[in-house]
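To keep things clear, I will list the structure first and then write my remarks on it.
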Amino acid sequence: VDDVQWLDEPTARVLVFLARRAEPRHTVLATLRTSPHDGGRPDPAPARELCPPPARTLPLPPMTAREIADVLDAHGLHGGPSWPRQLVARLHEAASGNPRTALELAAGLHEAAAAGAP
């Protein structure tokens, strides 16, 4: 379940119902996003209910600028590691290390450049 913090109450209840009845060999993976914009403290209650003990929490730190450059390159955005280091640093900072956000920003820059924007 991606972005557990955005679950509406009825969906959360259904998923908790199913998770409680899952056989031990089944796994529930729930992701909970934190960001500087929400104070880094979303409500973890839905994740705790979906993944009761012995659940494990695996923190996923933001990507480094180098990793962001690799992601851009892997997605064919004609730059990646060969992009100016300063531009990658700005993308990394604007995206807070989030690869999806960095891809969206880079794609926007690529489209603007292709359209002849300064």
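The values are calculated or read from the model by the stated rules, or taken from the named source; none is laboratory data. Keep in mind the model is a prediction, meaning the values are calculated, not measured. No Cβ is skipped: glycine too gets one built from the backbone with ideal geometry, and neighbour counts run over all protein chains shown.
Below, the figures for the structure above:
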quantity	calculated
Matching entry among Arg85, Arg56 (being modelled with pLDDT of 75 or more, under 28 Å from Pro10 (Cβ atoms) and either touching a strand residue (DSSP E or B) at 6+ places or on another chain (Cβ under 9 Å) or not hydrophobic (A, V, I, L, M, F, W, C) (or both))	Arg56
Inter-residue pairs, beta-carbon under 6 Å, first in the same structural domain as Pro84 (by TED's automatic domain parsing) and in region 94-113, second assigned to a helix (DSSP H, G or I) and polar (S, T, N, Q), 6+ apart	Ala95/Thr101
Residue in region 64-82 that is modelled with the highest pLDDT, counting only those that are in a loop (DSSP other than H, G, I, E, B) and not hydrophobic (A, V, I, L, M, F, W, C)	Thr64
Flag for Pro61 being modelled with pLDDT of 70 or more, surrounded by fewer than 11 Cβ atoms within 10 Å (Cβ to Cβ) and not polar (S, T, N, Q)	yes
